[in-house]
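Computed from the coordinates by the stated procedures, all read-outs in this text should not be read as laboratory data. Nothing here was measured: the structure is a model prediction, and the numbers come from that model. Cβ placement follows ideal geometry from the backbone for every residue including glycine, while neighbour counts extend to all protein chains displayed.
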Amino acid sequence: MDLTEDQVYARVGEEGFARLVRAFYAQVPADDILGSMYPAHDLAGAEERLRDFLIGRFGGPPRYIEQRGHPRLRMRHMPFVINQAARDRWVQLMDRAFDEARLDPEPAAVLREFLHGMATFMMNARS
């Protein structure tokens, strides 16, 4: 069965997305590249925003759009220098989060492909 993006939520569920995003953000504060991009006072907010964005993007309730409107991801991330090193580290931490979250392999593969591509799309600096 080829899983479509809008079927991922039905397979992963709210808790699966929560586990994945929680596992990612648990690594961020101590990271030497990404840590400074995520202020400690807003870490819980960042976790909620990513979780809600992914849930809505992959077939779940559209909470992110209802609360924040169109994602405008590149615009929202423009204040941060996202170069190759930052992109690669983000992907590395997210891949570790996938390992920890232990999602069903088929929806995890769909999510991973999307997130790897999105990380590349978000790059806004060369060095």
Net charge near Tyr38 (other residues with Cβ under 13 Å of its Cβ; Lys, Arg +1; Asp, Glu -1) is -3
Counting every C-alpha pair in the range 1-104, the percent lying more than 22 Å apart is 33 percent
Over all pairs of different Cα atoms in the range 60-127, the reciprocal of the mean inverse distance gives a Kirkwood radius in Å of 13.5 Å
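Suppose the chain between Gln92 and Asp32 were pulled fully straight at 0.36 nm per residue; how much longer would it get relative to their current alpha carbon spacing? Before the final figure, lay out the partial values.
Values: separation 60, 0.36 × 60 = 21.60 nm, distance 1.30 nm.
Taking 0.36 nm per residue and subtracting the Cα distance, the gain is 20.3 nm.
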For the range 36-50, Karplus-derived ³J(HN,Hα) couplings (6.51, -1.76, 1.60; θ = phi - 60°; whole Hz; x for glycine and proline) come out as 6, 7, 10, x, 4, 5, 10, 4, 5, x, 4, 4, 4, 5, 5
In nanometres, the difference between 0.36 nm per residue of separation and the alpha-carbon distance of Ala109 and Phe80 is 7.7 nm
Measuring from its Cα centre, the range 32-127 shows a charge dipole (+1 at each Lys and Arg Cβ, -1 at each Asp and Glu Cβ) which, in debye to the nearest 20, is 440 debye
From DSSP H assignment alone, runs of 4+ in the chain each adding -39500 (n - 2.57), the sum over residues rounded to the nearest 500 puts [θ] at 222 nm at -20500 deg cm²/dmol
